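Only one structure is covered here, and it is reproduced in the block below.
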Amino acid sequence: MYLYSLTLQRATGIVSAINGSFSGGKTQEIVVARGKVLDLLRPDENGKLQTLLSVEIFGAIRSLAQFRLTGSQKDYIVVGSDSGRIVILEYNKERNVFDKIHQETFGKSGCRRIVPGQYLAIDPKGRAVMIGACEKQKLVYVLNRDTAARLTISSPLEAHKSHTIVYSICGVDCGFDNPIFAAIELDYSEADQDSTGQAASEAQKHLTFYELDLGLNHVSRKWSEQVDNGANMLVTVPGGGDGPSGVLVCAENFVIYKNQGHPDVRAVIPRREDLPPERGVLIVSAATHRQKSMFFFLLQTEYGDIFKVTLDHEGDKVKELKIKYFDTIPVTASMCVLKSGFLFAASEFGNHALYQFQAIGEEEDVEVSSANLMETAEGYTPFLFKPRGLKNLVRIDQVESLMPIMDMKVANLFDEETPQIFSLCGRGPRSSLRILRPGLAISEMAVSQLPGIPSAVWTVKKNVNDEFDAYIVVSFNNATLVLSIGETVEEVSDSGFLDTTPSLAVSLIGDDSLMQVHPNGIRHIREDGRVNEWRTPGKRTIVKVGSNRLQVVIALSGGELIYFEVDMTGQLMEVEKHEMSGDVACLDIAPVPEGRQRSRFLAVGSYDNTIRILSLDPDDCMQILSVQSVSSPPESLLFLEVQASIGGADGADHPASLFLNAGLQSGVLFRTVVDMVTGQLSDSRSRFLGLRAPKLFSINVRGRRAMLCLSSRPWLGYIHQGHFLLTPLSYETLEYAASFSSDQCAEGVVAVAGDALRIFTIERLGETFNETAIPLRYTPRKFVLQPKRKLLVIIESDQGAYPAEVREASKKECFEAAGMGENGSANDEKMENGVDDEDKDDPLSDEQYGYPKAESEKWVSCIRVLDPRTAATTCLLELQDNEAAFSVCTVNFHDHGTVLAVGTAKGLKFWPRRELIAGYIHIYKFVDEGRGLELLHKTQVDNVPLSLCQFQGRLLAGIGPVLRLYEMGKRRLLKKCENKLFPNTIVSIHTYRDRIYVGDIQESFHFCKYRRDENQLYIFADDSVPRWLTASYHIDFDTMAGADKFGNIYFVRLPQDVSDEIEEDPTGGKIKWEQGKLNGAPNKVEEIVQFHVGDVVNSLQKASLIPGGGECIIYGTVMGSIGALLPFTSRDDVDFFSHLEMHLRQDHPPLCGRDHMAYRSAYFPVKDVIDGDLCEQFPTLPLDMQRRIADELDRTPGEILKKLEEARNKIV
């Protein structure tokens, strides 16, 4: 079995983020690392974040930093990854790619303890970079310029120290003196030798300064001093005339200013009033803002509070360090302060946000200073404060993030054309159920009712140079309505259009006049208000029309074509007539090419299932240039010109080409390339869009032409980063559309459907899914579907938090103490739905502030029944006395109907060692048509039931290392049978017929059988490879798919002969099982597929995402990405793609220096999986390289692109 692996949605979580002007000049961009993807984001003028570039680097990005050479305008990016190489990238804005400037190898690949790459520090003047490992090794590279002003990099200089753990490093700003780097280090050499543990308890962290002597080209340890053992992070303090230099050491509960030869300046970090005393406060992310005259730091604690830190200094003496409460936002992995007044917050979990500064914390607020530090016998006096609403920041945009996907199922609960993906995302108060649908998100600007049912709509400008449209023209079956676009949209009657007849086309003709085509003629309205009318001969009427700015072709009933051109004076002149053999089904004229007077091609679709290309040249006017037969009559035609680009904004090289798109009556979109010179058609592709014939319209998206296809749902065809993508829009069925531009909405679409006129814009391009989020109360763990009733049952649990009732009560007390009354926000309804969407009245929304922290052995948990169609929670049961739910399933017991089984643990602790008071299995019956739950009974067990599954009308439970079979009883579950021979802990159970497939937490899959006559469970096969399972799915009778915690996906299959033997053996392999083999099962499964995804997979599901598409395995990961594995059906495809992959591996190695083959084989050699993400980088290669690879494969680049498109279309 061969699989094609494709990422459907790139990772949405962010590991680290940096900001700078990477494209040069004044603009500010943000570079974010999403695990194995590097993205470049830029806020546009409306404050919306746009992704300019997204590159898969086939490696793990561990750290990012940016630097700028003195005097230059542009920032470079340094990437520390698992490739054992330091890579310096530059953003090339002409070709929209990252160019690799330098790549220096220093160690082995992989994330290892002593291979640098984990930490990066930059000299603030851009003269050197230090790259460090977690332990022992640190290398310094000197950065310089050569005579041609190109960046050069030196050989590495070593700053190693063995037996030393590094916690953080940063550059010290000392102007143009020798560069200095600071590190927090811990020497464990004595602790290693001492077996009593005495030395380990006395180990002390140090702050060490390393100096790079540029004259001697050598790094030496300059200074070292003890620092708090809670120190975890360093922040560079500006120096060299701008400030006092030195570093801020962020430690548990303190911020300390340190510099060589300067006394420590220490201040306490304020703590929340509701924090238990045993919990400290750590700083998790920091950002610095500098202006010419001042600088300040924003430090965020692990609870989400941001503090503004300022230093009161004279020269390089610091007199006072002040910490002032700034605002509270969800906990971030990185914060970036942009010069343009934005704060980008890359959240640890949940959506990322872009905030705008309203103020920089100049007003009075909670403030602590180093001057009033009070020391008592117990230590320093803590300082308490209460969080409040945002005062200095305001959120203006957010970027969706699914990180982490805890569980995921694909099902069509809404009876739509395509199934929906239901995923449980997020953590704690930021958790949600997200419903993903394939398609682009739409934001609706306006909907207005019309006086009848319209048949068509157009927008038209008054002059070719106008920026915005002047009129919206709507046609009904007996009239035409003209709306003028201004501050508002209103009906006008002085436009010159004939309003007593339906219209067939309305457009701008020439430079400044308007044309209206109606069944009886053409009305040409000049700029000065004169109207010329051309009438149809005799009783014939116009049935179809095609036009561009300078040419018009009309088709009369009976099949006669008449061709008009605009002459020099702006008049419409009849040029030529031509009789077609039958009625014309549709027409289109290609757009006029740059600098030409006319377009050469006219496409005519006929009811005899053909499309003809006719010439409009004066020399051979109306001659047929080529004919294409199609499978059913064409309904609509559209020429789409793709501009030539040399790595233009879409990052791909391709010559200008003209595509002819045809929507056929069978619901198929047919695309073919038109030769610009001869008009011959070649390289055709078709794709089924829906049950209605697609109508095609040309619209503008991001300043480029794109195609809108209206079938049973709307689709958008556009070019994004070198790929032509055809993506559905998540919107209702539309009848007719036109592009729309006004000063309120620069790039929109106006469309009619039913009796309404709708104006909408298309949100972020390039996304595969759009999502609806429903907030949840605690971290979701697992969920089950009730397919008949279309409801979801979700279990949620959190450690170290208070139950909702306690939280609400204490919140109410807070409000009353603050004299706010109840404010109507702590009402019951709010309790029901967990967290409200940014409740404006609520000064403390949990999503923003996180939950108040409780002791770490406290658990809170609930079971929720949710109706996804109305997003309403129909039932919410909180579990009492420190129980937490871990597993859930529905069971159809023999004589009790369907019930819900939930596995819980009471008082679970993980540290110092794992222990619990008891485990339980709760049985609930569904009441009120499945909308409510009622507890029947609960059965105590001796461990945590981590997995439950229905089996032959009974319940299978994995309780620690024991597999048990239960029967339903009156008061409790009755034990029927068990097997205690599993190695560690059972985490998944799947069943099929009489086979049971059990997944062990660290020993992969075990295949079991249940003999009813002997009431015995026994293992007949297992895996020889240890695997730490995180997800599993049953594929077929002999095959299981699994994923492990190191980011691999694998399939195991029982060999066919073994499987047959077990089925035929009257003892079912039991005799063999009793003999055993090396403590294991008598048979071994074999691995048939192996692939390193590079991201921990949390759920696997077999599904087909498109009607009539192939079934594939869909997976969701911790970083919030969704991917698919599609089985190949033909050997030719396997050969083609494996050769393409091989060529790309050689000619286009990954950006950050990791070897692609080694990356995909990081733990086990890759087997029978072709990496579609690598193959899809083909269109972004330079054109000559594309041709060279295509020649070696005996194809053209066009055919390769077609193959890639087909493979993607089979999945989504």
Within the range 462-569, DSSP-loop trypsin sites (Lys or Arg not before Pro) with at most 14 other C-beta atoms within 10 Å are Arg530, Lys539, Arg540
What are the equivalent ellipsoid semi-axes of the chain, built from the alpha-carbon gyration tensor (square roots of five times its eigenvalues), in whole angstrom, biggest first? 54, 41, 32
In degrees, nearest 10, range 0 to 90: what is the angle between the Cα axis of helix 1183-1192 and the longest Cα principal axis of the chain? 90
If you take the square roots of the eigenvalues of the alpha-carbon gyration tensor of the range 119-277 and sort them as a ≥ b ≥ c, do you get rounded (a/c under 1.5), prolate (a/b over b/c) or oblate? oblate
Per the C-alpha gyration tensor (a ≥ b ≥ c, the square roots of its eigenvalues), the range 859-987 is rounded if a/c is under 1.5, else prolate if a/b beats b/c, else oblate; here it's oblate
Protein-only accessible surface order, largest first, of Glu576, Glu202, Glu732 at 1.4 Å: Glu202, Glu732, Glu576
Straight-line reach from Lys1009: which lysines have a Cα under 22 Å away, not including same-chain ones fewer than 8 places off? Lys975, Lys976, Lys980, Lys1070, Lys1072, Lys1077, Lys1084
To the nearest 10 degrees, how steeply does helix 1197-1211 sit against the main Cα axis of the chain, on a 0 to 90 scale? 60
Listed residues His518, His289 arranged by accessible area, highest first, probe 1.4 Å: His289, His518
If each DSSP helix of 4+ residues adds -39,500 (n - 2.57) and the sum is divided by the residues in the chain, what number results at 222 nm, nearest 500 deg cm²/dmol? -2000 deg cm²/dmol
The Cα radius of gyration of the range 988-1138, divided by 2.2 N^0.38 Å with N its residue count, comes to 1.13
Going through the range 163-269, which chymotrypsin sites (Phe, Trp or Tyr not before Pro) have at most 11 other Cβ atoms within 10 Å and a DSSP loop state? Phe176
Could you tell me how many degrees, from 0 to 90 and to the nearest 10, lie between the Cα long axis of helix 804-817 and the main elongation axis, the longest principal axis, of the Cα atoms of the chain? 90
Run the reach check for Lys136 against lysines, Cα to Cα strictly under 30 Å, same-chain hits fewer than 8 apart removed. What comes back? Lys36, Lys100, Lys108, Lys125, Lys161, Lys205, Lys222, Lys258, Lys1045
accessible surface per residue for the chain, probe 1.4 Å, DNA/RNA/ligands not counted, whole Å² -> 40
Counting other Cβ atoms within 10 Å, keep those with at most 16, restrict to DSSP loop, and tell me which trypsin sites (Lys or Arg not before Pro) in the range 126-155 are left. Arg150
If you take the charge dipole of the chain about its Cα centre, with +1 on Lys and Arg Cβ and -1 on Asp and Glu Cβ, which of Ala1041, Leu556, Val37 is farthest toward its positive end? Ala1041
For Trp458, Trp911, Trp534, Trp1028, the accessible-area ranking with a 1.4 Å probe, largest leading, is Trp911, Trp1028, Trp534, Trp458
Run the reach check for Lys788 against lysines, Cα to Cα strictly under 16 Å, same-chain hits fewer than 8 apart removed. What comes back? Lys409, Lys925
Counting only protein heavy atoms with a 1.4 Å probe and every protein chain in place, the carbon and sulfur fraction of the accessible surface of the chain in whole percent equals 48
Overall form of the range 1060-1194 per C-alpha gyration tensor (a/c, 1.5; a/b vs b/c): prolate
How many percent of Cα pairs in the range 911-1048 exceed 23 Å? 38
Cα-Cα pairs of the range 85-157 separated by more than 16 Å (percent): 54
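The values are calculated or read from the model by the stated rules, or taken from the named source; none is laboratory data. Remember, it's a predicted structure, so these values are computed and weren't measured experimentally. Neighbour counts run over all protein chains shown; Cβ positions are idealised from the backbone, glycine included. Surface accessibility is based on the protein's heavy atoms, side chains included, excluding ligands, DNA and RNA. Shrake-Rupley method; radii C 1.70, N 1.55, O 1.52, S 1.80 Å.
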